[in-house]
Structures are given as C-alpha cells and as structure tokens.
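Sharing a structure here in structure tokens format.
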Amino acid sequence: MGFFMNFSRPGRGVSKEEAAKRNYFDILGRHFFDLVKLNLLYVGCNIIFIAAAVFFIMPYYFEIDAVLDRLIFDQNTLLPILPFIPFMFMGPFTAGFTFVLRNWSRQEHAFLVSDFLEHSKKNWKQALCLSALSTVVCYLFLTAVIFYLKTVAFKGLVITLSLIIAVILLGMNIYTYPMLVTFDMKLLDILKNALIFTLSKLPQSLFFLVVIGAVHVLLLWYVPFAWVILMITILIAWSGFTAIYYAWHVIDTYMMPKAEENNEQVFDDAI
C-alpha cells in the first residue's frame with residue numbers, strides 16, 4: 001500500500017515541442033507533488049539548522065514587545081545575531097534544491113534525491129560561501145536600518161533607501177543560485193551578474209518579489225499556523241520554483257546564447 005512517497009521514480013517526460021513551450025502553470029501542475037517531495041527533502045536536510053534558528057529566536061518571541069521597545073528606543077541595543085547564524089550553513093542544500101528546480105523549470109528531467117544530493121555536494125564550497133555572505137549582509141543591513149531609524153531625523157528617507165536596497169538584495173538572490181549550479185564561475189562574477197540582471201530587469205524582478213512576498217506576508221499575518229505547515233510541505237519549493245522559473249528565462253536569454261554564438265566556451269556549463 002502506498003503509504004510512503006517514491007522519491008526516486010522519474011516523472012513523466014516531455015517532448016521537444018513541449019520543452020520549447022515553457023508554461024509556468026503547466027509545469028507547476030505536472031510537478032506539484034514533486035515539489036511537495038522536494039520541499040520535504042529540503043526541510044529534512046536542513047532540519048538541524050531550522051531547529052537551531054527556532055531555538056535561538058524563541059526567547060525573543062516570547063518577549064517580543066520588550067525586544068521591540070529596546071530595538072526602537074535604546075541606542076545601545078543591537079539586533080540579536082544568534083537567530084541568523086544557522087542560515088549561514090544552508091547554502092549547500094539550497095544549491096541541490098536549486099538544481100532540481102532549475103531542471104524542472106526548463107522542462108528537463110531531474111532525479112529528485114540523487115541530483116539534489118549530488119549537486120549539494122558538488123557546489124558545497126561556493127554555496128556555503130554564498131549563504132554565509134547573504135546572512136551576514138542581511139544582518140548588517142537590518143542592523144543599519146534600525147540604527148539610522150533611531151538616529152536620523154529624516155526617517156522617510158531612510159525607509160525609502162532601505163526599501164530600494166532591500167529590493168536589489170532580494171532581486172540578486174533570484175539569480176545567484178541558478179548561476180552557481182549552471183556555470184563554472186567565480187563567486188564575485190556570479191554576484192556581479194546577479195546585480196546587473198536585477199538592475200536591468202528591476203520591474204520584472206520586483207513583480208516576482210511582490211507576488212512571492214505577498215503570499216508569505218498574507219499567510220503569516222492572517223493564518224500563521226497554516227504558514228508554518230505550508231512552509232514544511234510546499235511553500236519553500238513553490239517560492240523557489242517561481243523565482244527560478246523567471247530567473248532561468250533571463251539567464252537563458254543573456255548567458256546561454258553567448259557561448260553558442262561565439263562557438264567558444266565562455267562559460268563552463270556545470271550541468
């Protein structure tokens with residue numbers, strides 16, 4: 001009896017004609033249950049880090065009003081750093097997670113478990129550096145925003161600049177991991193290309209960030225328990241698939257043809 005999910009069985013293949021016609025909702029529908037499996041696999045592999053983050057944040061959660069008062073009014077209070085630390089180590093599994101989603105988004109086959117683990121291992125160094133860097137930048141950014149909101153008179157200007165920088169940083173995250181698992185590039189070049197794509201495609205990047213962010217914010221605000229359950233089962237994979245589906249369109253348009261047209265290996269494809 002089918003009580004257990006089959007993580008190794010390949011999904012239905014697609015013809016060349018189907019592969020050429022990328023349709024978000026069609027791919028999402030065909031891979032919906034695969035996304036659930038991938039979400040559970042990703043959460044399971046990162047369970048130690050997720051549990052550590054929850055453990056570190058719970059003392060502040062139970063005293064949230066006092067913590068917010070200190071952050072807002074006390075000049076010497078810094079944002080707690082411990083809840084951020086576990087996220088520094090989630091990069092390798094995020095690389096494997098991204099590889100599987102990238103293949104599905106461009107309508108190519110991926111073995112859920114074996115490809116996930118293989119590319120987590122294959123890209124672990126760069127992915128670990130990227131997750132550590134992203135976490136440090138996030139912490140410093142939030143700390144700076146809180147500091148300037150307490151010390152600068154023009155709070156509207158601080159909020160406006162903070163929103164612009166936040167959009168750019170989040171937009172870069174859409175592109176970094178798909179490039180990391182596709183090309184043999186230095187991390188600095190990945191970040192540079194991600195910044196170029198984010199700025200040149202800012203309206204599109206902002207649209208996808210708003211869609212994904214709105215789903216999370218609305219669930220977290222109105223039904224936080226449902227948000228937790230969905231994060232465990234499907235929401236992480238859906239968010240990743242939605243971002244990578246768009247990111248691959250940009251990467252395929254501006255990076256892949258270049259190597260083919262010049263007939264030389266500009267990028268080493270790490271597929």
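Looking only at residues in region 91-127 that are among the charged types (D, E, K, R) and in a helix (DSSP H, G or I), which one is nearest to residue 175 (Cα to Cα)?
Out of the qualifying residues, it is 102.
In region 75-122, what residues are of a type outside the set (Ser, Thr, Tyr), in contact with a Pro (Cβ under 7 Å, 6 or more places away or on another chain) and within 23 Å of residue 137 (Cβ to Cβ)?
Across region 75-122, there are no qualifying residues.
Suppose we filter region 239-255 for residues that are in contact (Cβ under 8 Å) with a residue 40 or more places away in the chain and more than 16 Å from residue 31 (Cα to Cα); how many remain?
9
So if I check each of 149, 130, 140, which one is open to solvent by less than 20 Å² (accessible area, probe 1.4 Å) and either part of a helix (DSSP H, G or I) or of a type outside the set (Gly, Ala, Ser) (or both)?
Going through 149, 130, 140 in turn, just one is open to solvent by less than 20 Å² (accessible area, probe 1.4 Å) and either part of a helix (DSSP H, G or I) or of a type outside the set (Gly, Ala, Ser) (or both): 130.
Quick one: is residue 159 farther than 22 Å from residue 91 by Cα, open to solvent by 60 Å² or more (accessible area, probe 1.4 Å) and in contact with a Leu (Cβ under 9 Å, 6 or more places away or on another chain)?
yes
Another question, then. Answer yes if at least one residue in region 150-165 is in contact with a helix residue (DSSP H, G or I) (Cβ under 9 Å, 6 or more places away or on another chain), within 24 Å of residue 235 (Cβ to Cβ) and in contact (Cβ under 8 Å) with a residue 24 or more places away in the chain, and no otherwise.
no
Which condition does residue 240 not pass, out of (1) over 27 Å from residue 108 (Cα atoms); (2) modelled with pLDDT of 95 or more, if it passes all the others?
Every condition holds for residue 240 apart from (1).
Would you be able to tell me the number of residues in region 69-84 that are out of contact with any helix residue (DSSP H, G or I) (no Cβ under 7 Å at 6 or more places or on another chain) and open to solvent by less than 80 Å² (accessible area, probe 1.4 Å)?
Total meeting the criteria: 1.
The values are calculated or read from the model by the stated rules, or taken from the named source; none is laboratory data. Quick caveat, the model's predicted, so the values are computed rather than measured. FYI the Cβ positions are ideal-geometry reconstructions off the backbone, even for glycines, and counts take in every protein chain you see. We work out accessible area using only protein heavy atoms, side chains counted, and drop any ligands, DNA or RNA first. Shrake-Rupley method; radii C 1.70, N 1.55, O 1.52, S 1.80 Å.
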